[in-house]
Amino acid sequence: MLKQPSHAWQRLYKNTTALGFAQIINTAGNLLLVPLFLSYWPKEVYGEWMALSALVAYYATADMGMNMASGNALIKAYQRCEWEQYREIQASALLFYIGIACAVTAFATATCFLLPVTRWLGVVYIPRATAVLVMCLLASRIVWTMPAGQIWNIFRTTGNLSTSQWIANLQMLGVIGTTAAVLCLGGGVATLAVWTWCPLLACSLLAWLLVRRSHQDLLPRLRASSLRGVIALIRPSLLFGLMMVATAIRVNGPVILVAHALGGVAVAVLVTARALAYVATQISTILCWALWPELTRLDAVGDKTALRTAHSLLVAAYMAISITFVSALWFDGQGLIELWTRGHLSVQPWLVKSFLLYVLCQAPWMASSMLAGATNRHRKMAWCQLLAGVGGVVFVAVFLPRLKLVAVPLGLMAGEALACYHFVIADACTLADTPYRSFATRLWFTLAFVTTLTLTISAIAHRLPIVFVPLRMAVAGTVSLITATVGVWKLLLPKSERMLLAGRFMQYAPCWLANGIGQ
């Protein structure tokens, strides 16, 4: 067996490190691949590739939330040493995934060949036959990742999320490296779609070998599956499935609308501006996913006090990170995109600022949503997110002709304001036994006050005589980080929680450092 971390804070350190590298890889990949795409492919072809990718990404919702629902159940079964139940849940989830992957592959292939999908998307620069092949390959890779992921997620259920994440990191690196190699060698869209299968196959084999060596008794066995096990997972998984549908609608719906109404170049501009703003969300999500297994374990043992502290920590950290990045990018976001794309794309300043405002207002409820998700009590949150996604896309469709691309962040923000800002946070407070009214008042006041203060200080840093944009942003980001961290720490967290978190950090920080050096 692999050596397990002896304490939750040590696990949190290792999980955060692995997830942090995932975000670094993802961010570095975007920074590398966008200019590569625009250098080797016409921007119209790149925009249509992104539109095709956005469409097939909806097939990820075929997971129906089974991964998160079964993951929570497996963590609890492992924590309680219920091995028979563990194997039944694991095998039932794997059987479900294999069936879904086969069905979706057949369905995607049939619809791509029989329906005029490319015409609906406005794809004209990529030949129809090539576009159909690309959609089939991308869709099948998405759905077959689901059963493959059940193998390396075994480590996550045993308290070793970091190993599961490092395997996923290798797959991500493989996709980025393969994409860069294909582009540099002059490959087209079909060639790229074929070769991106290789990292998935290689990482699946690696995960199977690692599990066989360290957790052979936990390798999936389909004979342990049962209809009862599948049915028991259906209800929580369907609610997670609603959340995935909501995310797909929110992320890919506007891309499809823009592709149809404004063309491939507008899609490239939209995706690039959104990617820059979403850096804050991606980094904040590191802490959320690192804490997820620990939240599940705390719920299994009924520790409400620790859940309440974890919720406050999540919201505070998420807000501080979001405020920092919004302030750092507010004045130089447009210039950074032009530098990033080597002048191939020109973005309106208010498009970047609107996305940054959207990400900022999203921070409190996104952090709070993790509590319901990790404890399988996410019914209200799932419906809120679905309503927000559908409402947001409707707002985008209504205002797109008049506001153009700025309609996307503003429309999505309006949908979330109606469905999530109040209800998701209130639900999390109920789960953590936190008084909602006082918490919400403190939260929104902190967000408004600290953001205003941080933007003011960032504006002063922006006026410094520094010509190089990344260096100027680094200076603004440093002062923004200090201001946001101190402001959120003092205004959002009660004194009792500040003292508790400070004590825990001082107690375990040397252990974290020693553990990191030892690894």
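The values are calculated or read from the model by the stated rules, or taken from the named source; none is laboratory data. What you are looking at is a predicted structure, and each value in this text was computed from that prediction instead of being measured. When we count neighbours, we look across all protein chains shown, and the Cβ atoms used for this are built from the backbone with ideal geometry, even at glycine. Accessible surface is based on the protein model in full, side chains and every heavy atom, while ligands, DNA and RNA are left aside. Shrake-Rupley method; radii C 1.70, N 1.55, O 1.52, S 1.80 Å.
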Mind checking the per residue accessible area of the range 287-388 for me, 1.4 Å probe, whole number of Å²? 32 Å²
I'd like the trypsin sites (Lys or Arg not before Pro) in the range 1-95 restricted to DSSP loop residues with at most 14 other Cβ atoms within 10 Å, sorted by number. 3, 80
I want the local charge near residue 22. Using Cβ-Cβ distances under 15 Å, sum +1 for each Lys or Arg and -1 for each Asp or Glu among the other residues. +2
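Could you pull out the GluC sites (Glu not before Pro) across the range 31-121 that fall in loop regions by DSSP (anything but H, G, I, E, B) with no more than 12 other Cβ atoms inside 10 Å? Intermediate values should be presented prior to the final figure.
Values: sites: 44, 48, 82, 84, 88; in loops: 82.
In loop regions of the range 31-121 (DSSP not H, G, I, E or B), there are no sparsely surrounded GluC sites (Glu not before Pro).
Mind running the shape call on the range 172-252? Use the C-alpha gyration tensor, a ≥ b ≥ c as the square roots of the eigenvalues: rounded below 1.5 for a/c, prolate if a/b tops b/c, oblate otherwise. Mind showing how you got there, number by number?
Working: a/c = 3.26, a/b = 1.38, b/c = 2.36.
In terms of gyration-tensor shape, oblate.
Over the chain, calculate the relative contact order: mean separation of alpha carbon pairs under 8 Å at least 6 apart, over the residue count, as a percent. Working shown, then result.
Working: 712 pairs, mean separation 100.3, N = 519.
That works out to 19 percent.
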Excluding same-chain residues fewer than 8 positions from residue 404, which lysines have a Cα within less than 20 Å of its Cα? 43, 353
Short version: ³J(HN,Hα) in whole Hz for each residue of the range 49-65, in order, from phi by Karplus 6.51 cos²θ - 1.76 cosθ + 1.60 (θ = phi - 60°), x for Gly and Pro, what are they? 4, 5, 5, 4, 5, 5, 5, 6, 4, 5, 5, 5, 6, 5, 4, 6, x
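Applying 1/(1 + (r/R0)^6) with R0 = 51 Å to the Cβ-Cβ distance of residue 417 and residue 216, what FRET efficiency is obtained, to the nearest 0.05?
Details: r = 50 Å, r/R0 = 0.99.
Given R0 = 51 Å and the Cβ-Cβ separation, E is 0.50.
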For residue 244, what is the net charge nearby, where nearby means another residue's Cβ is under 11 Å from its Cβ and Lys, Arg count +1, Asp, Glu -1? 0
About the Cα centre of the range 34-126, what is the dipole size in debye to 20, counting +1 per Lys and Arg Cβ and -1 per Asp and Glu Cβ, all else neutral? 80 debye
Hey, could you get me the Stokes-Einstein D for the range 246-369, Kirkwood radius over alpha-carbon pairs, 25 °C and 0.890 mPa s, rounded to whole µm² s⁻¹? 153 µm²/s
At 1.4 Å probe size, with the rest of the protein present, what percent of the exposed accessible area of the chain is carbon and sulfur atoms? 69 percent
For the range 83-160: accessible area per residue (Å², 1.4 Å): 41 Å²
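How far, in nm, would the chain grow between residue 261 and residue 191 when pulled straight, counting 0.36 nm per residue and subtracting the alpha carbon separation? Present the calculation step by step, with values, prior to reporting the outcome.
Values: separation 70, 0.36 × 70 = 25.20 nm, distance 2.84 nm.
Computed gain between residue 261 and residue 191 is 22.4 nm.
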Do you know the relative contact order of the range 201-346, to the nearest whole percent, from alpha carbon pairs under 8 angstrom that are 6+ apart? 20 percent
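Can you tell me how much longer the chain between residue 124 and residue 111 gets when fully stretched, taken as 0.36 nm per residue apart minus their C-alpha distance, in nm with one decimal? Before the final figure, lay out the partial values.
On the way: separation 13, 0.36 × 13 = 4.68 nm, distance 1.88 nm.
2.8 nm is the gain from fully extending residue 124 to residue 111.
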Any lysines whose Cα falls less than 18 Å from that of residue 304, other than same-chain ones fewer than 8 residues away, would be 76
So which trypsin sites (Lys or Arg not before Pro) in the range 166-231 pass both tests, a DSSP loop state and at most 15 other Cβ atoms within 10 Å of the Cβ? 221
Residue-span extension gain [residue 235 to residue 496] - 0.36 nm each, minus C-alpha spacing: 90.2 nm
Given unit charges at Cβ for Lys, Arg (+) and Asp, Glu (-), the dipole magnitude of the chain about its Cα centre in debye, nearest 20, is 500 debye
Lys and Arg at +1, Asp and Glu at -1: neighbours of residue 260 with Cβ under 13 Å from its Cβ sum to 0
